[in-house]
Amino acid sequence: MPKRLCCIFLCLFCLLASLPLPAAATDAPDTGGAFADIDAKSAVLMEVSSGKILFEKNADEALPPASVTKVMTILLVLEAIDAGTVSLTDTVRISDYASAMGGSQVYLKAGEEMTVNDLLKSVIVASANDAAVALAEHVCGSEQAFVARMNERAAALGMTNTTFKNTNGLDDEDTGHLTSARDIAIMSREVLSHPKVFDYTTIWMDSIRNGAFGLTNTNRLVRFYRGCTGLKTGSTSKAGFCISATAERDGMHLICVIMGSSTKDARNSLAASLLDWGFSGWSVVRYPASDGIQLPVLGGTKDICHAASPAFSALVRRENAAKISVETVCPQILSAPLARGDVIGQIIYSVGDEMLGTVDIAVTEDLPRIGFPELFRRMLTAFALGKPGADAIG
């Protein structure tokens, strides 16, 4: 008998051990697993719409970013264009200082003139250091003034481990020019909020100077990774090989930042692998806005009140995308008066016991309480039609 009991308990233990554990209510960033030993000093994978970090390694370590610096340069130029202080058709006269930049360049000559459009294209596609300085001088008058604005913008975005010393990431002399993988993801996410950037970041090959000078994108993922939308590569002997790679599939946009990889191929392969992991494991679910909600009202000038709810989206693990429950919490009958914008209920989105979020249901029109003259008119109308007076109150 004891042997039989032992066998039964052993079988029960094995059965319970094989059952899946309940998922945690909050998914913390992955810090290892398949990517426990990666060829990079730091890395981050971020989902764009939520800003959620899906994977990180040394995300807040301040490191030299090389030309990934130019993400901030690009952001400030795009913001100046949006503000109307700079135009893509502006002609920029190249200074002696800008023409003297080393590293990646389009060999601008002092006194040469080039449009903002072609300079921006040169920065984004060919990582041109000389074009970055020329744009900085055009936007702020000098590179120093532009760098000050870069640091101000970084602080405003919450980039707490960033100090910019120049516009392009050259670090032969600027040893304090540092940022982190998390901060790069933050500024990359901000750049992606400017749709104009994709006109440049998705270019594989193009040209400037009326076709006389060819440009090839330094980001090979643009050509070889499905869904790639950008963004910026960089490498120096101090920084190693870095990238902020962005890609979109099935309505989900990801940012993968790699810093300090040993080779270009290792950097690109790691970025592609992390992006693949993100796309295979996560999904963004979206629910449209609704403006056709109608609810009965008592004591109002109208019997029906119109309401609306905004769109909702959430990042979930892919296996949970089909398990989302939607609950509407709202009174069946409203009472006047009601004002436009009054919140009358909520829509709650959940997966199991985890609440993903809520949206408000709000009134879209003013609906005052019915006055005696209107109430009397309704009663007379109802009496004339042979209806009970109480029905006229609404």
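The values are calculated or read from the model by the stated rules, or taken from the named source; none is laboratory data. Because the structure is a prediction, the values reported are computed rather than measured. Every residue, glycine among them, receives a Cβ derived from its backbone with ideal geometry; neighbour counts consider all protein chains shown. These area figures cover heavy atoms from the full protein model, side chains too; ligands, DNA and RNA do not enter into them. Shrake-Rupley method; radii C 1.70, N 1.55, O 1.52, S 1.80 Å.
Points worth noting:
- Of the residues making up the stretch 345-375, just one is open to solvent by less than 40 Å² (accessible area, probe 1.4 Å), under 14 Å from L298 (Cα atoms) and assigned to a strand (DSSP E or B), namely L367.
- Taking residues in the stretch 105-127 that are farther than 15 Å from T167 by Cα, and partners anywhere that are surrounded by 24 or more Cβ atoms within 10 Å (Cβ to Cβ) and of a type in the set (D, E), the pairs with Cβ atoms closer than 7 Å and at least 6 places apart or on different chains are V106/D130; L108/D130.
- Residue match in the stretch 263-285 (condition: touching a residue at least 24 places away in the same chain (Cβ under 8 Å), of a type in the set (D, E, K, R) and more than 30 Å from D171 (Cβ to Cβ)): no
- Of the residues making up the stretch 147-196, those that are open to solvent by less than 10 Å² (accessible area, probe 1.4 Å), over 18 Å from A43 (Cα atoms) and assigned to a helix (DSSP H, G or I) are M150, A154, V191.
- Some residue of the stretch 320-330 being over 30 Å from F55 (Cα atoms) and part of a loop (DSSP other than H, G, I, E, B): yes
- When the residues of the stretch 121-146 are filtered to those that are polar (S, T, N, Q) and open to solvent by 20 Å² or more (accessible area, probe 1.4 Å), the one that is farthest from A59 (Cα to Cα) is S142.
- Taken together, A314, A307 contain a single residue that is in a strand (DSSP E or B) and under 30 Å from E248 (Cα atoms), which is A314.
- Test: residue in the stretch 282-300 that is within 24 Å of D199 (Cα to Cα) and not acidic (D, E): no
- The requirement of being open to solvent by 60 Å² or more (accessible area, probe 1.4 Å) and either in contact with a strand residue (DSSP E or B) (Cβ under 6 Å, 6 or more places away or on another chain) or among the small types (G, A, S) (or both) is not satisfied by S207.
- Taking the criterion of being surrounded by 21 or more Cβ atoms within 10 Å (Cβ to Cβ) and farther than 19 Å from S207 by Cβ, the residues of the stretch 98-120 that qualify are A98, M101.
- Pairing each residue of the stretch 306-329 that is loosely packed, with under 11 Cβ neighbours inside 10 Å with any residue that is part of a strand (DSSP E or B) and basic (K, R), provided the two are 6+ apart or on different chains, yields C-beta distances under 8 Å for A311/R286.
- Residue in the stretch 331-340 that is nearest to Y287 (Cα to Cα), counting only those that are part of a loop (DSSP other than H, G, I, E, B) and open to solvent by less than 80 Å² (accessible area, probe 1.4 Å): P331
- Residue in the stretch 47-57 that is open to solvent by 10 Å² or more (accessible area, probe 1.4 Å) and either at positive phi or at pLDDT below 95 (or both) present: yes
- Taken residue by residue, the stretch 281-290 has no member that is of a type outside the set (D, E), buried (at least 16 other Cβ atoms within 10 Å of the Cβ), touching a Gly at 6+ places or on another chain (Cβ under 7 Å) and over 30 Å from I184 (Cβ atoms).
- Qualifying residue in the stretch 27-34 (condition: open to solvent by less than 30 Å² (accessible area, probe 1.4 Å) and at pLDDT 95 or above): no
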